[in-house]
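Take a look at the structure set out below.
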Amino acid sequence: QVQLVESGGGLVQAGGSLRLSCAASGIIFSISTMAWYRQAPGRQRELVAHITRTGNTNYADSVKGRFAISRDNAKNTVYLQMNSLKPEDTAVYFCNVRLVLTDFWGQGTLVTVSS
């Protein structure tokens, strides 16, 4: 079955950096579009970034220039490098893959940015 396991979250001061990882199994990773979403308390889940099988990327306006999504097909892993973090980046970050119109999610990893 599909499994997505995130890691790398934690507490960081504003202006700091974190790198999130998502290890995938049960899918043909190399041909899958992978995405990172986040959900802050009391808010809807929102798309942060996605990366296609060919490496094309797309970002939410709020993170452009600060976050970078990448993938390592040999390791079945997608990453989210987060720089210049702001308190408003505080959220649970989820890894996502959509297969045949079905969304699969990881358990999420909490990122807390202190001011």
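At a glance:
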{"item": "Accessible area of the chain belonging to carbon and sulfur atoms, whole % at 1.4 Å probe", "result": "49 percent"}
{"item": "P(r), alpha carbons of region 46-112 - 5 Å bins starting at zero, rounded %", "result": "3, 14, 25, 28, 19, 8, 2, 0"}
{"item": "Order of exposure, largest accessible area first, which applies to Asp61, Asp89 with probe 1.4 Å", "result": "Asp61, Asp89"}
{"item": "Residues whose placed amide H lies under 5 Å from that of Trp105, excluding near-sequence neighbours", "result": "none"}
{"item": "Under the Karplus curve 6.51 cos²θ - 1.76 cosθ + 1.60, θ = phi - 60°, whole-Hz ³J(HN,Hα) for region 6-17, x wherever Gly or Pro sits", "result": "8, 7, x, x, x, 9, 9, 7, 3, x, x, 9"}
{"item": "Highest-fluctuation residue, Gln81, Gln44, Gln13 considered, GNM on the chain with Cα pairs under 10 Å", "result": "Gln44"}
{"item": "Sequence of Leu18, Leu110 from largest to smallest accessible area, 1.4 Å probe", "result": "Leu110, Leu18"}
{"item": "In nm, spacing of pseudo-spin labels at Ile28 and Gln3 (7 Å Cα→C-beta vector)", "result": "2.2 nm"}
{"item": "Translational diffusion of the chain, µm² s⁻¹ [Kirkwood Rh, Cα pairs; Stokes-Einstein; 4 °C; 1.567 mPa s]", "result": "92 µm²/s"}
{"item": "Using θ = phi - 60° and Karplus 6.51 cos²θ - 1.76 cosθ + 1.60, couplings along region 66-74 (whole Hz; Gly, Pro as x)", "result": "10, 10, 9, 9, 8, 9, 10, 5, 5"}
{"item": "Relative contact order (%) - criterion: Cα under 8 Å, at least six apart; region: the chain", "result": "36 percent"}
{"item": "Rounded accessible area per residue of the chain, 1.4 Å, Å²", "result": "54 Å²"}
{"item": "Test item: Cα-centred dipole of region 35-107, Lys/Arg +1 and Asp/Glu -1 on Cβ, debye", "result": "100 debye"}
{"item": "Approximate spin-label separation Gln81-Thr52, in nm, with each point projected 7 Å along Cα-to-Cβ", "result": "2.2 nm"}
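The values are calculated or read from the model by the stated rules, or taken from the named source; none is laboratory data. In this text the structure is predicted, and so the values were computed from the model without any measurement. Cβ: placed from backbone, ideal geometry, glycine included. Neighbour counts: every protein chain shown. We work out accessible area using only protein heavy atoms, side chains counted, and drop any ligands, DNA or RNA first. Shrake-Rupley method; radii C 1.70, N 1.55, O 1.52, S 1.80 Å.
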